[in-house]
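Below: the structure, in structure tokens.
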Amino acid sequence: MNAADFLDGVRQAQQTELSRLGSSKSLYADTEGEMEEDAVLAAVADTFHHAAATFETWADEADGAAADLFADAADLTGEQYGTVAGERGDHEAGAPSPLAESMQDLDTTPERVAGVLGWALVVENKISQAVGFFVGQAAPQTASTFRDVRDAVDSLVDDAADTLVDVCATDADEDLAHEAAVDTIQAAYDDYFDTLEDLGVNPKPVC
């Protein structure tokens, strides 16, 4: 398989979902309408906390290139969790999101590597909105911190795509991986959609 083609295929399949997950309404959904600095920091910290725990478990259960990816992903998300939580002073993690729960259901190595890819595509879009939020709050230092966080997450996209080349030995493996990446993004999107509807907001238009 070709890593770039696989990544393009996932992005194309979930183009609308990723676009909306990168909109201001996505941040509104993540904070359940609070849109205060503390709520934004808490939502992002939760995302990294649960991802780090999942990736660490996967690293312990894998070997080879996949184990290296999962270990690196666990280190990266753990570090970014510390960075974001540090902006609050302290943080008590909430319940896993549907995104986190969907990743816990992934079983095979190709699915889990694709889960890292899907997670990173979702989160890099969400973090872009956090950057914009803190710019709007006249908090340039925090906005700069979130730019660094976004860049770190972005590095996982290419790393996961490259690792898929190593772990997908057959067309069936590639199909499993594509489905897992799409399903991971879809889980985040369904949560976004349902939360906005519960808040009385139309989820569809991008703003």
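Since every read-out is calculated from the coordinates, none of them should be taken as a lab result. Just so it is clear, the structure is predicted and the values come from calculations on it, not from any experiment. Ideal geometry is used to build each Cβ from the backbone, glycine not excepted, and the neighbour counts take in all protein chains shown.
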* Could you state the per residue volume, in Å³, of the convex hull enclosing the Cα atoms of the chain? -> 103 Å³
* **Helix 3-13 axis, angle to the chain major axis (alpha carbon atoms, nearest 10°)** => 50 degrees
* For the range 124-207, count the residues as N, evaluate 2.2 N^0.38 Å, and divide the Cα radius of gyration by that value, please. => 1.43
* Asked: Binning every alpha carbon pair distance of the range 80-173 at 5 Å from zero, what are the percents per bin?
  -> 2, 12, 18, 20, 19, 13, 8, 5, 3, 1, 0
* How far is helix 171-198 tilted, in degrees, relative to the longest principal axis of the Cα atoms in the chain, given as a value from 0 to 90 rounded to the nearest 10? -> 20 degrees
* How large is ³J(HN,Hα) for each residue in the range 145-151, as worked out from phi by the Karplus curve 6.51 cos²θ - 1.76 cosθ + 1.60 (θ = phi - 60°), to whole Hz, x for Gly and Pro? -> 4, 6, 4, 5, 4, 4, 5
* Distance from the range 126-156 to the range 10-63 (C-alpha centre basis), Å -> 13 Å
* Going by alpha carbons, how many degrees (0 to 90, nearest 10) lie between the helix axis of 37-61 and the longest principal axis of the chain? -> 20 degrees
* Rg and Dmax of the range 1-81, using alpha carbons, in Å: what are they? -> 15.8, 44
* Asked: Short version: what are the Cα gyration tensor semi-axes of the range 41-135, square root of 5 times each eigenvalue, largest first, in whole Å?
  -> 24, 13, 12
* **Cα-projected label distance for D190 with A13, points at 7 Å along beta-carbon direction, nm** => 1.5 nm
* Hey, if you put +1 on the Cβ of every Lys and Arg and -1 on every Asp and Glu Cβ in the range 125-202, which of F134, A169, A180 ends up farthest toward the positive end of that dipole? -> F134
